[in-house]
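Here's the structure we're looking at; comments come further down.
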Amino acid sequence: MMNFKQYPNMTRCVISDGTPLSTTDFSNAFSDMQNLKNVVLPNNITNLWNTFYNCTNLTTAVCGPNVAMMDNAYYNCKNIVTPV
């Protein structure tokens, strides 16, 4: 499982296709990160459970076609414009 919460001031995260990752499970990876506005994830991500939970300033989240689980992925994302 990935976790980016150690970067609370992050506003943008782009992870390109082909980036070596230890997992495709991004559950809770960005939850409660209030400064986060834009995210682009690679196509191999499969789990977005609670990934952007309570990211109230998130406006754009681009995710690949292989997501199989996304329960509550965008919960309380009040400003989301383009969840893909």
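Screening T56, T51, T24, T11 for residues that are modelled with pLDDT under 95 and among the β-branched types (V, I, T) leaves exactly one candidate, T24. For the stretch 42-52, a residue qualifies if it is open to solvent by 10 Å² or more (accessible area, probe 1.4 Å) and part of a loop (DSSP other than H, G, I, E, B), and the qualifying residues are N43, N44, T46, W49, N50.
Yes/no matrix, rows are residues, columns are (1) farther than 19 Å from V81 by Cα; (2) surrounded by fewer than 20 Cβ atoms within 10 Å (Cβ to Cβ); (3) of a type outside the set (D, E):
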site	(1), (2), (3)
T11	no, yes, yes
D17	yes, yes, no
T24	yes, yes, yes
S27	yes, no, yes
F30	no, no, yes
V40	no, yes, yes
N54	no, yes, yes
P65	no, yes, yes
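The values are calculated or read from the model by the stated rules, or taken from the named source; none is laboratory data. Just so it is clear, the structure is predicted and the values come from calculations on it, not from any experiment. Quick reminder, even Gly has a Cβ in these numbers, built from the backbone with ideal geometry, and neighbours come from all protein chains shown. In case anyone asks, the SASA skips ligands and DNA or RNA and just uses the protein heavy atoms, side chains included. Shrake-Rupley method; radii C 1.70, N 1.55, O 1.52, S 1.80 Å.
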